[in-house]
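Okay, structure first, notes after.
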Amino acid sequence: MLRLYLQASFSRFADAASKAGCVALALLLSFVSSNSVVAAASGKSGEGIKLELSPRVCTLSADDENCDTVVTAQWSAPKDESLCLLIVGQPQIRQCWENHTEGVYTVRLTFDRDLLVELRDLQLQKVLASEAIAVIKEALRLRRKRRQPWDILS
Amino acid sequence: MRNARSARIGCDRAFWPLAKERDDFTVHHTLLTAAFLCLLAALVPRVSAAEDSCSSPSPECAVVGRFELSVSLGAGQRSNPVQGRSDIPLVVIPHISWYGKRFFLENLELGFTAFENEQNTLNFIVTPGYDRVFFYRNDLQNIFIAGGSALTSTGGGGYVAVDVPASGREFEVRDRHTTFLAGPEWSFDYRGITGQLNALREVTNEHEGYEVRAALAAPLIQSKGSLVASAGFTWKSREIVRYYYGVDGLYEPGSAFNPFVKLRYSHPLSERWTLNAFAHYEQLANAIADSPIITEDHVTTVFAGVVFKIR
């Protein structure tokens, strides 16, 4: 009788231990897994960087040939980053930061087509983030000029 | 109220018949002009009318609502048939234009487009009477050079220098006021030939005369540069000719028919710079050429330079 009781108790204990072990193992695996994801995320440079431009759009009227405006680029990152800000087609502009989590750059520019702003690594090889200021030209209405063969200059 | 001024008129012309009603719209001139136009048409390369559509700003297409300003810089001159006046140097010639949806401005001319399609345009225009520049140095048309018998004066005022007649008889030479003409203008493109016909009436109540302006232009060479030949005429009614070229009591001319020919070459150098040269010859009708204040029966204008597009 006692033997039967002990066997039954052991069996329940074993089941419980088994279940606890599984739960613990699952928790452990889960912990390890999540930690590895975090580790992987924090290990990749440039992820999570946000770049915002102002203005977002430049609208040209019929009389305007270029956008002439002050452009502000603001970036932020979840961890320290070393990067450079470049503007496509404006090689004179390059602003770099080392080990910063955010930065702001302001410059007055004249442009007549979409302006592409990029954040690149310090070697300028990898694009970490990019945004564009769209140039919207007001639809030009055209008409034929007067025909003036009588005019001396025409 | 007109200010009457007096001037002395050469006695060698004092015997001319008064109230002479010569109409220079002669068969001779008409045939000459028609022959030239036919020759011109025969020389014209066939150019597709499909080139007319405006898809981008160009010398032929204007952006609605935008002022265009350019200036011609170069060397040239215009002969001056007025007695005692020297030829006119052409160095700087500005040009301003603006096109709205219907209205337009071309230098000193204002217009309204009533109808337009690919080949034809009907405008109503208001334009200055060009002949006044003959007498007034400060006339705006001496700055914005235009066509026709726009004779630029180098003198200072409204007087016309003439010989003192032996008889000493004086004749009044009235002031020539600023006048404007208004009327319809039809222009067209046909196989590369451009035509223009204006029927104008003076609307500023000075002489109430009529004027007809007509011309054809055809490209002879069209590559990067273009060579364009033009021919046409200006017909002025007796009222206009008398107002500008008549002398009360001495010379009262009839209407005048002035044919002209022109050759123009242009070659774009860049977006803003264009090489430009032209030669213009206008034959003055007898009604004008016989005036005692006129010494030549033609006006020639030549110019070579560059056009700079300011905006």
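The values are calculated or read from the model by the stated rules, or taken from the named source; none is laboratory data. Predicted model only: the values in this text are computed from it and were never measured. Here the Cβ is made from the backbone with ideal geometry for all residues, glycine too, and neighbour counts use every protein chain on show.
Quick one: what pairs do we get from segment A:132-154, first residue closer than 23 Å to A:P55 by Cα and more than 10 Å from chain B (Cβ to nearest Cβ), second at pLDDT 90 or above and assigned to a loop (DSSP other than H, G, I, E, B), C-beta under 6 Å, 6+ apart or different chains?
A:A132/A:D114; A:A134/A:D114; A:V135/A:D114
I need a count of the residues in segment A:46-66 that are under 30 Å from B:E68 (Cβ atoms) and at pLDDT 90 or above. Let's see the steps before the verdict.
Initial filter on segment A:46-66 (under 30 Å from B:E68 (Cβ atoms)): A:55, A:57-66.
Now narrow it down to the ones that are at pLDDT 90 or above: A:55, A:57-58.
Qualifying residue count for the region: 3.
Residue by residue through segment B:259-293, note down the ones that are among the β-branched types (V, I, T) and either at positive phi or in contact with a helix residue (DSSP H, G or I) (Cβ under 6 Å, 6 or more places away or on another chain) (or both). Lay out the reasoning, then the answer.
Residues of segment B:259-293 among the β-branched types (V, I, T): B:261, B:274, B:288, B:293.
The one that is among the β-branched types (V, I, T) and either at positive phi or in contact with a helix residue (DSSP H, G or I) (Cβ under 6 Å, 6 or more places away or on another chain) (or both): B:I288.
Considering only residues that are among the charged types (D, E, K, R), in contact with a Gly (Cβ under 8 Å, 6 or more places away or on another chain) and within 25 Å of B:V63 (Cα to Cα), look in segment A:114-154 and name the one that is surrounded by the fewest Cβ atoms within 10 Å (Cβ to Cβ).
Start the filter on segment A:114-154 by keeping residues that are among the charged types (D, E, K, R), which leaves A:114, A:118, A:120-121, A:126, A:131, A:137-138, A:141, A:143-147, A:151.
Among the residues that remain, those that are also in contact with a Gly (Cβ under 8 Å, 6 or more places away or on another chain) are: A:121, A:126, A:141, A:146-147, A:151.
Pick out the ones that are also within 25 Å of B:V63 (Cα to Cα) and you get A:141, A:146-147, A:151.
Working: A:R141: 15, A:R146: 21, A:R147: 22, A:D151: 22.
It comes out as A:R141.
Determine whether segment B:140-155 contains at least one residue that is of a type outside the set (V, I, T), in contact with a Lys or Arg (Cβ under 6 Å, 6 or more places away or on another chain) and modelled with pLDDT of 65 or more.
No - not one qualifying residue is present in segment B:140-155.
Just one of B:V228, B:V302, B:V307 is within 14 Å of chain A (Cβ to nearest Cβ) and under 27 Å from B:R85 (Cβ atoms); which is it? Show your work before the answer.
On the way: B:V228 fails: under 27 Å from B:R85 (Cβ atoms); B:V307 fails: under 27 Å from B:R85 (Cβ atoms).
Residue meeting the stated conditions: B:V302.
Quick one: which residue in A:Q90, A:Q95 is within 20 Å of the chain's Cα centre (by Cα), away from chain B (no Cβ under 14 Å) and surrounded by 13 or more Cβ atoms within 10 Å (Cβ to Cβ)? Give the derivation first.
Numbers: A:Q90 fails: within 20 Å of the chain's Cα centre (by Cα).
Unique residue meeting the criteria: A:Q95.
Give B:E202, B:E211 a once-over and let me know the one that is surrounded by 21 or more Cβ atoms within 10 Å (Cβ to Cβ), within 14 Å of chain A (Cβ to nearest Cβ) and at pLDDT 90 or above.
Values: B:E202 fails: within 14 Å of chain A (Cβ to nearest Cβ).
The match here is B:E211.
Which one is farthest from the chain's Cα centre (by Cα), of the residues in segment B:236-268 that are at pLDDT below 95 and of a type in the set (A, V, I, L, M)?
Only one residue fits best here, namely B:L250.
Select the strands (runs of 3 or more DSSP E) contained entirely in segment B:48-132, then report the ones holding at least 1 residues which are out of contact with any Lys or Arg (no Cβ under 8 Å at 6 or more places or on another chain), among the hydroxyl-bearing types (S, T, Y) and at the interface with chain A (Cβ under 9 Å from one of its Cβ atoms).
On the way: elements: B:61-63, B:67-78, B:88-99, B:103-106, B:109-116, B:120-128.
Those strands (runs of 3 or more DSSP E) span B:67-78.
Give, as residue ranges, the strands (runs of 3 or more DSSP E) completely inside segment B:225-311 that count at least 2 residues that are touching a Lys or Arg at 6+ places or on another chain (Cβ under 7 Å), under 26 Å from B:W98 (Cβ atoms) and among the polar types (S, T, N, Q).
Values: elements: B:226-236, B:256-268, B:273-283, B:298-309.
Here the list reads B:226-236.
Evaluate the following for A:S154: is it among the hydroxyl-bearing types (S, T, Y) and within 38 Å of the chain's Cα centre (by Cα)? Please lay out each step first, then the result.
Working: among the hydroxyl-bearing types (S, T, Y): yes; within 38 Å of the chain's Cα centre (by Cα): no.
No; evaluated as a whole, the condition is false for this residue.
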